[in-house]
């Protein structure tokens, strides 16, 4: 078997601190230039070019050319899953070796995980969908029920735009909350809907998402989630509101969808 050497090669590439920082910076699904990735990894542009070439040759990064500029992105959702899994494993080591969460409460409240949503809000959405039997989840994947399809139609989340070449629905263990949020095509559709309807906004130069006032209302109406106040992207007086526990309103008192 030759899988061992291949695993070792990929692991060695990811294990370099500079390359790990580059890959982490691309975990929000954006594309970044070599200069931007050099900055986030703390290395010189020439050194960054060497790292990017190695990551691209190994199939971990994809390249887009726009005029004279070259933009890098994670090659596929599979690469994002590997990185997220490594983050989880790193948190599960001996207590003395675990990294303390230093991402800030805004990042913990809501953030992107490649093309889907992570953090407290995303975990609460997954809880609601499972609680209502709209989605059936196990460790390996997820299935949308007939009731779930009707629910997404009522809320307006368009699942017809999902690619048939990728996993439709699966749990993704949230590395800050230690519980699953939704990934796959369904998770991507929820995040796309949230952006298109101004429920959330990107925080500049961060994976963090701001929950807008409209998002607070719609998350309560559509998914029965409360405790999701708007934040301004900083750990200040406004962002501190998100420190309260996100809860899912009991089924009997929640107004799901637009029925």
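The values are calculated or read from the model by the stated rules, or taken from the named source; none is laboratory data. Please read these numbers as outputs of a predicted model, since none were measured by experiment. Every residue, glycine among them, receives a Cβ derived from its backbone with ideal geometry; neighbour counts consider all protein chains shown.
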When only residues in segment 185-196 that are surrounded by fewer than 22 Cβ atoms within 10 Å (Cβ to Cβ) and either free of Cβ contacts under 8 Å to residues at least 24 places away in the same chain or touching a strand residue (DSSP E or B) at 6+ places or on another chain (Cβ under 6 Å) (or both) count, which is farthest from residue 76 (Cα to Cα)?
-> 196
When you look at residue 211, is it surrounded by 15 or more Cβ atoms within 10 Å (Cβ to Cβ) and at pLDDT 85 or above, yes or no?
-> yes
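Residues are listed down the side, and each one gets a yes or a no for (1) within 28 Å of residue 185 (Cα to Cα); (2) surrounded by fewer than 19 Cβ atoms within 10 Å (Cβ to Cβ):
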position: 23; (1), (2): yes, no
position: 30; (1), (2): yes, yes
position: 33; (1), (2): yes, yes
position: 40; (1), (2): no, yes
position: 58; (1), (2): yes, yes
Do any strands (runs of 3 or more DSSP E) entirely within segment 116-156 hold 1 or more residues that are in contact (Cβ under 8 Å) with a residue 60 or more places away in the chain, and if so, which?
-> 116-118
Criterion violated by residue 184 - all others in (1) in contact with a helix residue (DSSP H, G or I) (Cβ under 6 Å, 6 or more places away or on another chain); (2) at positive phi satisfied | (1)
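Could you run through segment 143-158 and say how many residues are over 15 Å from residue 195 (Cα atoms) and under 21 Å from the mean Cα position of the chain (by Cα)?
Going residue by residue through segment 143-158, those that are over 15 Å from residue 195 (Cα atoms) are 143-154.
Checking the rest, the ones that are also under 21 Å from the mean Cα position of the chain (by Cα) come to 143-144, 152.
Total meeting the criteria: 3.
Looking only at segment 246-257, decide whether some residue is part of a loop (DSSP other than H, G, I, E, B), modelled with pLDDT of 90 or more and out of contact with any strand residue (DSSP E or B) (no Cβ under 8 Å at 6 or more places or on another chain).
no
Sort out which residues of segment 190-226 are part of a loop (DSSP other than H, G, I, E, B) and under 21 Å from residue 26 (Cβ atoms), and write them in order of number.
Correct list: 203, 204, 205, 206, 207.
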Return only the number of the condition from (1) in contact with a strand residue (DSSP E or B) (Cβ under 7 Å, 6 or more places away or on another chain); (2) over 28 Å from residue 60 (Cα atoms); (3) modelled with pLDDT under 80 that residue 148 does not satisfy.
-> (3)
